[in-house]
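> The structure follows.
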Amino acid sequence: QVQLVESGGGLVQAGDSLRLSCAASGGTFSYYAMGWFRQAPGKEREFVAAIKWSRGSTYYADSVKGRFTISRDNTKNTVYLQMNSLQPEDTGVYYCAATRGDSLRTRYGYNYWGQGTQVTVSS
C-alpha cells in the first residue's frame, strides 16, 4: 500500500515562498508519476503540477506556471513543490498524489493520496 505524507504548509503573506514536501513509501516509485493538487473551500480539487519519475517530465496548471516548480529526489522517495510569488488565490489544502497511469492533469487519474497540508496566503 502506497502512503504519502505531505508537509511544509503554513500561513504566509502575498509574495512569499513556501516549499511543500511529499514523502512516499510502500511502493516502487520509479513506476509512479506524482502530482500536486489543491482545494480551496467550496471549490473542486484542481491540478497544480505533476512529474514523471522516469525522465522527470513536468506539467503545470496555467495558473502556477512560472511561479511553482515541482521536483523529486529519487533517493529519498520525495517530491517537492516550490511555490514562489504566492497570491491569496493560491490558498487551499494541497494534496500529493501518485499514479501509474498517464492522466496526470485530472484527480481521477490518481490512485493514492496524502492527507493534505494547508497553505494560507494573506493579502
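The values are calculated or read from the model by the stated rules, or taken from the named source; none is laboratory data. Nothing here was measured: the structure is a model prediction, and the numbers come from that model. Positions of Cβ are generated from backbone atoms using ideal geometry, with glycine treated the same way; all protein chains shown enter the neighbour counts. Ligands, DNA and RNA are stripped out before the accessible areas are found, and what is left, the full protein with its side chains, is counted by its heavy atoms. Shrake-Rupley method; radii C 1.70, N 1.55, O 1.52, S 1.80 Å.
> Out of Arg72, Arg67, which single residue is under 13 Å from Arg19 (Cα atoms), surrounded by fewer than 18 Cβ atoms within 10 Å (Cβ to Cβ) and charged (D, E, K, R)?
Working: Arg72 fails: surrounded by fewer than 18 Cβ atoms within 10 Å (Cβ to Cβ).
Being under 13 Å from Arg19 (Cα atoms), surrounded by fewer than 18 Cβ atoms within 10 Å (Cβ to Cβ) and charged (D, E, K, R) holds for just one of Arg72, Arg67, which is Arg67.
> Residue check: is Arg45 among the basic types (Lys, Arg) and closer than 20 Å to Ser122 by Cβ? Steps first, answer last, please.
Details: among the basic types (Lys, Arg): yes; closer than 20 Å to Ser122 by Cβ: no.
Against the criterion (among the basic types (Lys, Arg) and closer than 20 Å to Ser122 by Cβ), Arg45 does not qualify.
> Among the residues of the stretch 5-50, what is the count of those that are of a type in the set (A, V, I, L, M) and crowded, with 22+ Cβ neighbours inside 10 Å? Show your work before the answer.
Here is the first cut: in the stretch 5-50, the ones of a type in the set (A, V, I, L, M) are 5, 11-12, 14, 18, 20, 23-24, 33-34, 40, 48-50.
Going one step further and asking which of them are crowded, with 22+ Cβ neighbours inside 10 Å, we end up with 20, 33-34, 48-50.
So the answer is 6.
> So, one more: If you check Gly9, Gly92, which single one turns out to be touching a Leu at 6+ places or on another chain (Cβ under 7 Å), closer than 22 Å to Ser123 by Cα and touching a residue at least 24 places away in the same chain (Cβ under 8 Å)? Show your work before the answer.
Details: Gly92 fails: touching a Leu at 6+ places or on another chain (Cβ under 7 Å).
When all the criteria are applied, what remains is Gly9.
> Right, next: What number of residues within the stretch 81-96 are more than 15 Å from Thr58 (Cα to Cα) and either surrounded by fewer than 20 Cβ atoms within 10 Å (Cβ to Cβ) or in contact with a His (Cβ under 7 Å, 6 or more places away or on another chain) (or both)?
Residues flagged as more than 15 Å from Thr58 (Cα to Cα) and either surrounded by fewer than 20 Cβ atoms within 10 Å (Cβ to Cβ) or in contact with a His (Cβ under 7 Å, 6 or more places away or on another chain) (or both) within the stretch 81-96 amount to 7.
> Sticking with this one: What residue, of Thr78, Thr58, Thr99, is β-branched (Val, Ile, Thr), farther than 19 Å from Leu11 by Cβ and open to solvent by 50 Å² or more (accessible area, probe 1.4 Å)?
Values: Thr78 fails: open to solvent by 50 Å² or more (accessible area, probe 1.4 Å); Thr99 fails: open to solvent by 50 Å² or more (accessible area, probe 1.4 Å).
The conditions single out Thr58.
> Please specify each residue of the stretch 6-28 satisfying the condition of being of a type outside the set (Lys, Arg) and closer than 16 Å to Ile70 by Cα.
Residues of the stretch 6-28 that are of a type outside the set (Lys, Arg), as a first pass: 6-18, 20-28.
Answer for the stretch 6-28, where residues must be of a type outside the set (Lys, Arg) and closer than 16 Å to Ile70 by Cα: Glu6, Ser7, Gly8, Gly9, Ser17, Leu18, Leu20, Ser21, Cys22, Ala23, Ala24.
> Now for a different question. Among the residues of the stretch 106-123, write down those that are under 15 Å from the mean Cα position of the chain (by Cα), surrounded by fewer than 17 Cβ atoms within 10 Å (Cβ to Cβ) and assigned to a loop (DSSP other than H, G, I, E, B).
Thr106, Asn111, Gln115
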